[in-house]
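Notes to accompany the following structure.
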Amino acid sequence: MLFELLYADDLVIMADSLEELEKKYKNWKSALESKGLKVNVGKTKCLLSDGTKSVTKSEIDPCSVCDMRVKRNSIRCNRCKSWVHAKCAGVKGCLKKVELSFICKTCKEGDKSNDSIKNTNMNISFEGVEVTENFSYLGDMLQRDGGCERAVAERVRKGWWKFKELSGILCNRRLGMKMRGVIYRTCVRTVMTYGCECWPIKKENEDTLKRAERRMIRMMCGVTLRNRMSSQNLQERLGLSDDISAVVRKARLRWFGHVYRREDEVGIKRAFLFDVDGRAGKGRPRKTWGELIKNDLKDFGLCENDALDRVLWRNTIRDKPANPRPRGSKTYGD
């Protein structure tokens with residue numbers, strides 16, 4: 001007797017419009033059903049990436065208009081009982097005069113962002129598919145605006161989960177400092193930097209990773225901020241030559257070398273060489289992954305064609321320090 005098992009998982013359908021997405025979804029679903037498979041609609045999500053930044057809601061006293069944390073100079077809505085910033089309330093003059101009759105803009109006009117998502121969900125004809133602004137795919141968080149804030153926060157959370165799981169070993173004073181550093185670098189840092197090669201990371205995202213790692217290092221060394229010991233000295237005691245930001249930069253360059261050496265017909269190389277059409281908005285353009293690569297190449301003294309020599313590329317990334325030069329600094333003898 002012969003048994004045949006078919007299973008499909010971690011699939012992505014991409015399209016430029018909802019009509020094209022609907023067509024591809026129906027073709028994909030019919031092809032699976034012809035093989036006896038069923039689509040789990042509960043796990044299927046639809047992510048609309050239009051480039052607009054999604055506002056993260058504060059968990060502590062969020063404003064009903066901007067979703068940021070409310071501290072002072074605020075007024076409470078009499079309908080939804082939520083606090084609102086003075087600048088978001090639209091009230092001229094003293095707030096106490098309208099304190100008993102104030103109604104926020106959200107209650108008057110409705111939440112436009114939620115209405116747009118609901119309308120978009122109604123336009124999608126395949127029922128049961130949830131429209132979301134972020135989605136976890138292969139361990140990495142994908143955002144609507146293409147940023148990496150959610151991904152960094154999720155990696156830090158997973159890193160702390162792994163650190164607490166191994167705290168009996170990492171914080172054990174009977175174990176040598178070098179051995180604790182090896183275990184941390186192998187089991188915890190790799191979790192925190194998973195998928196970092198593709199992050200369009202910003203300075204505040206790097207600071208988030210640094211704060212988490214420095215706190216872990218101090219817990220492993222058994223010191224606090226009162227001991228007045230620098231994080232660099234503690235890293236040297238654990239045998240950690242580079243901090244986590246340097247690890248991210250080296251991993252990004254290492255992955256860029258792999259992609260650059262591929263043929264132009266390969267899908268990942270085509271995505272790397274793809275130019276986005278359209279008109280840029282006002283203000284400074286958003287930091288892209290390509291801009292990070294250019295800065296990394298300048299700091300390491302490399303060019304793109306150097307990636308064709310695998311030995312040179314690997315040795316330069318491994319041996320050269322990854323800390324960027326401060327602006328305005330000069331080096332002599334280069």
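Using R₀ = 45 Å, calculate the FRET efficiency as 1/(1 + (r/R₀)^6) where r is the Cβ-Cβ separation of MET179 and LEU138; round to 0.05. The formula returns an efficiency of 0.90 here.
The GluC sites (Glu not before Pro) found in region 123-218 that occupy coil by DSSP, while having at most 12 further C-beta atoms within 10 Å, are GLU127. Where in region 236-269 does the label zone of ARG310 land, with the point 7 angstrom along Cα→C-beta and an amide N cut-off under 19 Å? Only 251-269 pass the distance filter. Simple point charges give the picture: +1 on the Cβ of Lys and Arg, -1 on the Cβ of Asp and Glu, and for region 147-241 a dipole about the Cα centre of about 460 debye.
For the set LYS164/LYS202; LYS178/LYS210; LYS29/LYS202, the pairs lying more than 29 angstrom apart at their alpha carbons are LYS29/LYS202. Of the trypsin sites (Lys or Arg not before Pro) found in region 144-202, the ones in coil according to DSSP and having at most 12 other Cβ atoms within 10 Å of their Cβ are ARG173, ARG174. Note on region 147-241: along the principal axes its Cα atoms extend 41, 26, 20 Å, ordered by decreasing extent. Summarising the label geometry, the points placed 7 Å from Cα in the beta-carbon direction at GLU33 and LEU297 lie 4.9 nm from one another. Computing FRET efficiency as 1/(1 + (r/R0)^6) for GLU265 and ILE13, where r is the C-beta to C-beta distance and R0 is 25 Å, gives about 0.70.
Values quoted throughout were computed directly from the atomic coordinates according to the rules given, and no laboratory measurement underlies them. Keep in mind that what you see is a predicted model, and the values were worked out from it rather than measured. Here the Cβ is made from the backbone with ideal geometry for all residues, glycine too, and neighbour counts use every protein chain on show.
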